[in-house]
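Enquirer: Have a look at the structure that comes next, please.
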Amino acid sequence: MGKTRQVIKRNGAVVDFNPDRISNAIYRAAVSVGGRDKATADKLAVQVVELVNINYETDYKIHIEEIQDLVEKVLIENGHAQVAKEYILYRNEQIKKRELNATQGTRPSENIPWSKIWHILDWSVSNELHNLDLLNKKIGEGKFEEVVDLSERLYEHDVDKAAQYIAEKSNTLKMVMITGPSSSGKTTTTFKMEERLKKKGMTFKPLVVDNYFFDLEMHPKDEFGDYDFETPQALDLDMINEHLHLLSKGKEVDIPYYDFKEGKRYLNQSKLQLKDGEVLLIDSLHALYPKFSEGIDASLTYKVYLEPLVQMKGPDNKYVQWTDLRLIRRMLRDSVHRAYDPQQTLEHWHYVRSSELRHIIPYSNNADYIISSGMPYEIALYRPLLLDKFTKWEKLYKNNPLREDAYNRAARVRKMLEAVRSVEDNSPVPKNSVLREFIGGGIYDA
């Protein structure tokens, strides 16, 4: 048996060479510019592998950058200049991201809604909830229900304000979009928004964006072979945009239906049209992505962005990361509603995170209003549910170069959960809380 070629990753870790990752990377770049030819991606990957074998001895540990140089060469020489450009842009983005991480703290990010953050931080300090020690103190004093009530009222106030602004625009409005990264609470917030706006005399029709997914066989895969539903290119953005234009003009459109069991989309399955006074209600990860509503007059839309913007310091005097809260939320929801192993959620999360950092969060400041769905008390509920699992995963992934991201997240979350007092009784959480979307027992549960 021949010797297995090895690859040096950017962090210095050494892993086995896997040609499938080259094919997946080429296909993902192609999908980003509208291509859907997996067979061609496979053929181009074969050429890259041939060049690797020609230019490098098997015992030479090839650096990932050297492989990527060959990918660019093959793409350009085969006439795929547009795909090559997307591939190069992605490489440059990753380089900038690493440079930014190395200098983190020296400059503010344009992706963060600083005004909203200041408001949440001010609220946290005023209510003595700006670090886990203070939360622990309140739990120890039997004030957990008080913390729940304070947190829920802050979120409900945000929803009230957004509904008020939407209602003020109702004479020209054609569509309301509820958006935000995975597990930010879009489903519950959409229900709540609809309830409030109906009381103000507005009438809605829902548009289920999941029905616009391409067939599963056309989806790009990540480096572990999992289908990527997180990227906006998994959706037929051209069809979505065309339908939104037609609907905004009062035209009738034929809506597709996506069968998740079959992984197949069926066209022209139902009809949709907005009558006078009706507004389209859209709940989607990618509603702020430019191509989604490209060309639609801003006066016809209102876009609400969600993120659990908890301002609370945890271990090592570092702020709790919003992505960690959403990771836990998704684990809980996926395990209950989708029979999905939480470990798989952790392993896949770096692709969720990568996609949202490219396609969702950079457009957050284009929203008309930002709602914080974060609940300072939620961390205490998560400790008894997941601390043991994160402790296990931290040990499992240690020194595994292919699971470095999963290890880092597991270690960080384990430390956070260990630092909070455990609350096992979630009965103080209202049945209509956004948190019920993840812990179950809510009135909006399907």
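Enquirer: Just to confirm my numbers, what's the Cα centroid distance between the range 56-80 and the range 285-329 in Å?
Expert: 36 Å
Enquirer: Over 24 Å between C-alpha atoms is what I'm after, so list which of Lys199/Lys431; Lys186/Lys249; Lys116/Lys186; Lys198/Lys275 land there.
Expert: Lys186/Lys249
Enquirer: Continuing with the same structure: When the chain is modelled as a GNM with alpha-carbon springs shorter than 10 Å, which of Ile62, Ile379, Ile178 fluctuates the most?
Expert: Ile62
Enquirer: For a label point 7 angstrom out from the Cα of Leu272 toward its Cβ, which stretches of the range 166-203 have the backbone nitrogen within less than 13 Å?
Expert: Zone members listed by number: 175-178.
Enquirer: Here's another thing I want to ask about it. May I ask for the Rg/Rh ratio of the chain, computed from Cα atoms with Rh as the Kirkwood radius, given to two decimals?
Expert: 0.98
Enquirer: At a Förster distance of 45 Å, what's the computed FRET efficiency of Glu424 paired with Asn400, Cβ-Cβ distance as r, to 0.05?
Expert: Once the sixth-power term is evaluated, E becomes 0.90.
Enquirer: Once the Cβ-Cβ distance between Leu216 and Asp133 is put in as r, and R0 is 51 Å, what FRET efficiency do you end up with, to the nearest 0.05?
Expert: Values: r = 47 Å, r/R0 = 0.92.
Efficiency for this residue pair is about 0.60.
Enquirer: Here's something else I'd like to know. Restricting to bridges with both residues inside the chain, how much of the DSSP beta-bridge set is antiparallel, in percent to the nearest 5?
Expert: 35 percent
Enquirer: Using a simple spin-label model with points 7 Å from Cα along the Cα→Cβ vector, what separation in nm is obtained for Glu50 and Ile64?
Expert: 2.7 nm
Enquirer: Oh, and also: Can you give me the span-like helices of the chain, meaning DSSP H runs with 15 Å or more of Cα extent along the axis and Kyte-Doolittle mean at or above 0.5?
Expert: Taking the DSSP H segments of the chain (at least 15 Å long, mean hydropathy at least 0.5), we get none.
Enquirer: Distance from the Cα centre of the range 355-379 to that of the range 193-265, in angstrom?
Expert: Measuring centre to centre over Cα atoms gives 20 Å.
Enquirer: Between the DSSP loop rule and a limit of at most 15 other Cβ atoms within 10 Å, which chymotrypsin sites (Phe, Trp or Tyr not before Pro) in the range 202-300 are left?
Expert: Phe224, Phe260
Enquirer: What is the sum of charges around Glu194, taking Lys and Arg as +1, Asp and Glu as -1, for the other residues whose C-beta is under 13 Å from the C-beta of Glu194?
Expert: With Lys, Arg at +1 and Asp, Glu at -1, the neighbours total +4.
FYI, it's all coordinate maths here, none of it is from the lab. Worth saying up front: this structure is predicted, and the values here are computed from it rather than measured. Cβ coordinates were reconstructed from backbone atoms using ideal geometry, including for glycine residues, and neighbour counts include every protein chain displayed.
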